[in-house]
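Beneath this line is the structure, given in structure tokens, with notes to follow.
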Amino acid sequence: MNSNFLKENFCFDDFFELSPDFMCIASHEGYFIKVNSVLMDSLGYSLGELLTRPIDSFLLSDEKAINFSNADLAVEAIPCLNRECRFITKRGEVISVTWTATPLDQFILAIGKKTIIKNRATEQGTSSYTAADHLWLSRFETVVRKYTRKIDLSLDIICDELAIGERQLFRRTRTIVGVTPNQYVRKIRLQIAMEAIQTGKYRTISEISYAAGFQTPSYFKKLFKHSYNIDIENLL
């Protein structure tokens, strides 16, 4: 980090701290460089934790790698508008933040607005994600990753692994994340695909598709584009 660059270009500490929104400066490598107290207090982590851990590590597992270091922002230097990410606080709660980010030479300036996660739980007047919900979602993800290369992963297998009935599986998945179990499996597999891309070990869409458990490369490519608004060819 170039401290002189920061001093010369970001002399707005008062504005930074007085803002009611989340404000941060991030590196293209995916780390916070500077955060305001609103962001720090809401997430509940110390300044040291926020500055030394990758931003990905604070995101809900199915959204990792969808951060300020994404290809369309960091590489092509295109401003990012209204990108939503769900953060896990130190208390185990989940909050949704909509970011607007602008690349500035070596760094990225971002402003985020905290929003309420809309799901059946909140509609019924209860809290959004609890620590128990997050733990259950982590168990769900562990099962999907265990059977990563099993293209025909059935709900029966997931139910057996989680010791839950199919009706309960649908009810709990919809209540917590607002999607069906199969839709959530696809989200996790998309994350696995993004992780595979980042390793640099895979050179073709077919290889990544198979590694993430998708049935056909064409379907995977279409789903990837729809989910991330990025052509996967641009990442290979």
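The values are calculated or read from the model by the stated rules, or taken from the named source; none is laboratory data. Keep in mind that this is a model prediction, so the values were computed, not measured. So basically every Cβ, Gly included, is an ideal-geometry build from the backbone, and we count neighbours across all protein chains shown. Note: areas computed on protein heavy atoms with side chains; ligands, DNA, RNA excluded. Shrake-Rupley method; radii C 1.70, N 1.55, O 1.52, S 1.80 Å.
From the cross-link list LYS113/LYS187; LYS146/LYS201; LYS90/LYS201; LYS114/LYS187; LYS90/LYS187; LYS150/LYS222, which pairs have alpha carbons spaced over 31 Å apart? Cα-Cα > 31 Å for LYS90/LYS201; rest within. Once the Cβ-Cβ distance of SER37 and ALA132 is raised to the sixth power relative to R0 = 30 Å, the FRET efficiency obtained is 0.55.
Rolling a 1.4 Å probe over the protein heavy atoms leaves TYR147 with an accessible area of roughly 60 Å².
Computed over Cα pairs, the Kirkwood radius of region 186-236 leads via Stokes-Einstein (1.306 mPa s, 10 °C) to a diffusion coefficient of 152 µm² per second. The modelled label-to-label distance for the pair LYS113/ILE157, using points 7 Å beyond Cα in the direction of Cβ, is 4.2 nm. Protein-only accessible surface at a 1.4 angstrom probe places the residues HIS226, HIS134 in the order HIS226, HIS134, largest first.
Amide hydrogen proximity for LEU104: with H placed 1.01 Å from N in the peptide plane, the residues at 5 or more positions away or on another chain lying under 5 Å are LEU109. For SER27, SER218, the ranking by accessible surface with the largest value first comes to SER218, SER27, using a 1.4 Å probe. In this calculation the C-beta distance from GLN183 to GLN106 is compared with R0 = 45 Å, giving a FRET efficiency of 0.75.
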